[in-house]
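Bear in mind these aren't lab numbers, they're just calculated from the coordinates by the rules spelled out. Since the structure is predicted, the reported quantities are computational estimates derived from the model, not experimental observations. Methodologically, a virtual Cβ is constructed for each residue, glycine included, from the backbone with ideal geometry; neighbour enumeration extends over all protein chains shown.
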Amino acid sequence: MIRTDRKRSRRRLYLILGGLGLVILAAGLAIFQPWLLWVDNDVHDELPTASAGGSSGRQAGTATLISRGTFVSHEHETAGTASLYRLPDGRYQLALAGLRTTTGPDVRVWMSAGPVVEGKAGWHTAEKHRHLDVAPIKGNRGDQLYNLPKGFDPARWPTVDLWCVRFSVSFGAAALKPVSCCLLYTSPSPRDRQ
C-alpha cells in the first residue's frame with residue numbers, strides 16, 4: 001500500500017512538473033516568437049523622386065530631400081538608408097530604402113533626439129532620449145514610406161531607430177545628415193536591386 005501511494009505521489013509530481021513545463025514553454029513561445037527569425041516581410045512602397053535640399057526643388061509635385069543616413073546594426077543585423085523628405089505642401093515623409101533587418105515582435109519606427117552609437121553600446125541609446133513613435137514597421141525588407149505628423153520639426157529628430165518595444169532594444173539606427181545642394185536621388189527600381 002505504501003508503494004502504491006509513493007507511485008501515485010511520484011506520478012502526480014511528474015504530471016504537475018510536466019504541466020508546468022508546458023505552461024512555461026507556451027509562455028516562452030508567446031513572448032519570444034522565435035519563428036519570426038525565419039519570416040521575411042517584403043515591402044515595396046513607391047519612394048519619392050526628389051531634388052536635394054537647398055536646390056531649386058520647389059517645382060510643383062517635387063519632394064525635397066532634406067537629410068539621409070545609413071543604418072548601423074544593433075541587436076540584429078540591419079542595413080539600408082533612411083531619408084527625410086519635405087513635400088510641396090510642407091509635410092514630411094520618412095523613407096527607408098533597401099532595408100534589411102530581422103523580423104521581431106512589436107518593432108516600431110522611431111524618430112529619436114539621441115545620437116547613433118555603434119555596437120552593443122547603442123542598443124539602448126534611443127530609450128534614454130526623447131522619441132517620436134512613427135508607426136509599426138511595415139516589414140523587415142524592402143522600401144517603406146511613412147508620413148510624419150503635422151508640425152514635425154526635423155531639427156528635433158536627427159535619428160531614425162528601429163525599436164523593439166517588447167525587449168526594449170534597438171535593431172538598428174541611422175543618423176540623418178543634411179544632403180548637399182546638388183544631389184538628386186531616385187529610388188532604384190526592383191529590377192536594379194536584384
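In sequence order, what are the phi-derived ³J(HN,Hα) couplings for the range 14-20 according to the Karplus relation 6.51 cos²θ - 1.76 cosθ + 1.60 with θ = phi - 60°, rounded to whole Hz, with x for glycine and proline?
Those phi angles translate into 4, 5, 5, 5, x, x, 5 Hz.
So for the range 73-135, averaging the separation of alpha carbon pairs under 8 Å that are six or more residues apart and normalising by length, what relative contact order in percent results?
31
Rounded, prolate or oblate, given the Cα gyration tensor of the range 108-172, with a/c below 1.5 counting as rounded?
Oblate, because a/c is 1.5 or more while a/b does not exceed b/c.
Based on the Cβ-Cβ distance from His44 to Leu20, what FRET efficiency comes out when R0 is 45 Å, to the nearest 0.05?
0.50
Kirkwood Rh, the range 73-144, all Cα pairs: how many Å?
This gives a value of 13.3 Å.
Note down the relative contact order for the range 111-174 as a percent, whole number, built from C-alpha pairs under 8 angstrom at least six residues apart.
For the range 111-174, the relative contact order is 41 percent.
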